[in-house]
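The values are calculated or read from the model by the stated rules, or taken from the named source; none is laboratory data. If you're wondering where the values come from, they're calculated on a predicted model, not measured in any experiment. So basically every Cβ, Gly included, is an ideal-geometry build from the backbone, and we count neighbours across all protein chains shown.
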Amino acid sequence: MTDVARDPRIIVALDYPAAAPALDLVSGLDPASCRLKVGKEMFTRLGPAFVEQLVGRGFDVFLDLKFHDIPNTVAAACAAAADLGVWMVNLHASGGRKMMTTARERLESLSHRPLLIAVTILTSLGEKDIAEVGFVGAPADNVVRLARLTRESGLDGIVCSPLEAAEVRPLVGRDFLLVTPGVRPASAARDDQKRVMTPLDALNNGADMLVIGRPITAADDPQASLERIQREIAGFRR
Ligand code: C5P
């Protein structure tokens with residue numbers, strides 16, 4: 001398990017339609033002061049070479065591809081991510097215990113083992129949406145159940161909203177990463193995020209790592225924006 005207390009807590013979400021603007025941004029960032037997230041859009045456009053380029057520049061990369069398939073396929077995909085040298089990779093907890101344990105065991109057999117975390121219930125889904133696909137009860141109850149299943153399956157943590165973090169943290173203990181998007185510095189626009197929280201409030205709610213995109217990537221001076229957020233959370237102690 002990574003010692004999160006000494007690690008940079010901010011993961012910058014690189015959501016660009018092409019490599020050039022992403023690399024422009026990355027050129028101004030220090031790998032010691034933040035991590036990077038590559039999601040489905042950039043990976044689908046640019047492929048593994050782009051990820052390897054970021055890793056080659058010394059960044060910890062969270063490959064946010066949210067795998068969900070039969071256990072053998074997900075385990076193989078996680079191993080392929082490990083081969084790219086990524087720091088963290090994720091899957092959907094709703095793929096089930098067998099899928100999660102098979103992926104974790106495959107990663108444990110490798111010399112470079114990325115952290116493996118799970119998405120519980122997508123924050124875009126409400127009660128009606130999850131009922132339509134067969135989940136019973138409120139989204140929050142399903143988040144808690146799937147967080148427990150993720151922990152029991154030996155994974156390193158989950159992605160959750162800062163609001164869910166407060167509910168989940170007491171149930172999973174300290175040694176389990178809670179990675180939260182939906183974070184907005186007090187001064188920033190909310191963009192299309194509805195249920196947002198400031199970085200400091202998210203950490204106080206139990207988050208370990210904060211995924212932040214547009215408040216940094218769309219800022220006139222991204223480096224200055226990152227530093228401002230780092231100052232906002234500098235005094236935080238767990
Ligand atoms: O620009 P912004 O800070 O909203 O970016 C947040 C990042 O976190 C995006 O890459 C988005 O896809 C991701 N994310 C999210 N909400 C979730 C899961 C992932 O905003 N529930």
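Structure notes:
- The residues of region 95-112 that are surrounded by fewer than 19 Cβ atoms within 10 Å (Cβ to Cβ), assigned to a helix (DSSP H, G or I) and not charged (D, E, K, R) amount to a single one, Thr101.
- Options Phe67, Phe43, Phe59, Phe50: the member that is among the hydrophobic types (A, V, I, L, M, F, W, C) and without any contact (Cβ under 8 Å) to a residue 24 or more places away in the chain: Phe43
- Residue that is farthest from Leu177 (Cα to Cα), among those in region 191-226 that are surrounded by 14 or more Cβ atoms within 10 Å (Cβ to Cβ) and of a type in the set (D, E, K, R): Arg214
- Among the residues making up region 228-238, a single one is in contact with a Ser or Thr (Cβ under 8 Å, 6 or more places away or on another chain) and surrounded by fewer than 16 Cβ atoms within 10 Å (Cβ to Cβ): Gln230.
Okay, residues lined up against (1) over 17 Å from the mean Cα position of the chain (by Cα); (2) surrounded by 19 or more Cβ atoms within 10 Å (Cβ to Cβ):
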| position | (1), (2) |
| --- | --- |
| Pro8 | no, no |
| Asp24 | yes, no |
| Gly28 | yes, no |
| Cys34 | no, yes |
| Gln53 | yes, no |
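- Any hit, region 72-81, residues being within 17 Å of the chain's Cα centre (by Cα), under 16 Å from Val26 (Cβ atoms) and without any contact (Cβ under 8 Å) to a residue 60 or more places away in the chain: no
- Single match in Gly85, Gly58 (criterion: part of a loop (DSSP other than H, G, I, E, B), at pLDDT 95 or above and out of contact with any Gly (no Cβ under 9 Å at 6 or more places or on another chain)): Gly58
- Meets criteria (touching a residue at least 24 places away in the same chain (Cβ under 8 Å) and farther than 26 Å from Gln193 by Cα) for Pro8: no
- Selected residue (criterion: farthest from Gly126 (Cα to Cα)) from residues of region 142-162 that are in contact (Cβ under 8 Å) with a residue 40 or more places away in the chain and surrounded by fewer than 19 Cβ atoms within 10 Å (Cβ to Cβ): Gly154
- Check on Ala166, surrounded by fewer than 20 Cβ atoms within 10 Å (Cβ to Cβ), assigned to a helix (DSSP H, G or I) and without any contact (Cβ under 8 Å) to a residue 12 or more places away in the chain: no
- Within region 171-235, helices (runs of 4 or more DSSP H) holding 1 or more residues that are more than 16 Å from the ligand (Cβ to nearest atom) and of a type outside the set (A, V, I, L, M, F, W, C): 199-204, 222-233
- Of the residues making up region 160-202, those that are of a type in the set (A, V, I, L, M) and under 18 Å from Ala138 (Cα atoms) are Leu163, Ala165, Ala166, Val168, Leu171.
- Within region 122-155, considering residues that are under 22 Å from Leu203 (Cβ atoms) and out of contact with any Phe, Trp or Tyr (no Cβ under 7 Å at 6 or more places or on another chain), the one modelled with the lowest pLDDT: Thr123
- Region 201-225, residues that are under 16 Å from Arg35 (Cα atoms) and touching a helix residue (DSSP H, G or I) at 6+ places or on another chain (Cβ under 8 Å): Ala207, Asp208, Met209, Leu210, Ile212, Pro215, Ile216, Thr217, Pro222, Ser225
- Count of region 119-136 residues which are over 18 Å from Ser161 (Cα atoms) and surrounded by fewer than 18 Cβ atoms within 10 Å (Cβ to Cβ): 6
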